[in-house]
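Here's the structure, in structure tokens; my notes come after.
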Amino acid sequence: MNLYQNLIDLRDKLFSSKDLAQNLKQIIEIERNFTLFISKFVNSLIKKNSLTFDLIGFHGQTILHLPKEKISKQLGDGNLLSQLTKTKVVHQFRQNDLDHGGQGAPLTPIFHFLISGVLKIKFNLD
């Protein structure tokens with residue numbers, strides 16, 4: 001079975017924190033495969049385009065998001081990705097936002113702030 005189908009099948013089994021525990025072995029396996037896939041893509045991009053990065057922002061793949069329970073599970077091992085790409089990796093955005101009182105959508109406020117500035121300029125809303 002391919003990675004995409006494994007992700008879909010896993011996601012469709014997860015509805016609660018209890019489901020995370022019950023599927024832990026499969027989560028660990030798919031997370032590793034997902035991270036290996038991403039690292040191959042990143043390393044290929046770097047090599048093909050002679051790029052260097054100081055930092056990689058790695059959101060991962062969301063498989064369960066329960067903001068009222070302050071639970072958000074994204075597949076993707078930031079530490080492994082860092083080792084495989086030899087680049088610093090920032091990750092766990094959603095969980096960090098939940099831990100600090102957000103809804104697990106840490107980029108939404110930034111997007112809203114930026115788009116409001118674009119709209120003000122484009123439509124002269126000041």
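Every number in this text was worked out from the coordinates using simple rules, so none of it is lab data. Computed from a prediction, not measured in an experiment: that's the story for all the values here. Cβ coordinates were reconstructed from backbone atoms using ideal geometry, including for glycine residues, and neighbour counts include every protein chain displayed.
For the stretch 41-90, the average shadow cast by the Cα convex hull is 3.9 nm², which is a quarter of the hull's surface. Pairs exceeding 27 Å between alpha-carbon atoms, taken from Lys13/Lys48; Lys40/Lys68; Lys18/Lys40; Lys13/Lys86; Lys40/Lys70; Lys25/Lys68: Lys13/Lys48; Lys40/Lys68; Lys18/Lys40; Lys13/Lys86; Lys40/Lys70. Hey, with R₀ at 35 Å, roughly what FRET efficiency would Leu24 and Ile46 work out to, going by the Cβ-Cβ distance, to 0.05? Here the calculated transfer efficiency is 0.60. When restricted to Cα atoms, the chain yields an Rg and a Dmax of 17.5, 55 Å, respectively.
Taking 0.36 nm per residue of separation and subtracting the Cα-Cα distance, full extension of the segment from Asn33 to Gln92 would add 19.5 nm. Comparing the stretch 10-82 with the 2.2 N^0.38 Å rule of thumb, its C-alpha radius of gyration ratio is 1.29 (two decimals). Which chymotrypsin sites (Phe, Trp or Tyr not before Pro) from the stretch 36-80 combine a DSSP loop assignment with at most 14 other Cβ atoms within 10 Å? Within the stretch 36-80, the qualifying chymotrypsin sites (Phe, Trp or Tyr not before Pro) (loop, at most 14 other Cβ atoms within 10 Å) are Phe53. Placing R0 at 25 angstrom, the Cβ-Cβ distance between Gln83 and Leu3 gives a FRET efficiency of 0.80 after rounding to 0.05.
Highest mean packing first, where packing is the average number of other Cβ atoms within 10 Å per residue, the peptides 8-17, 93-102 line up as 93-102, 8-17. Percent antiparallel among DSSP beta bridges with both residues in the stretch 22-105, to the nearest 5? Around 55 percent antiparallel, to the nearest 5.
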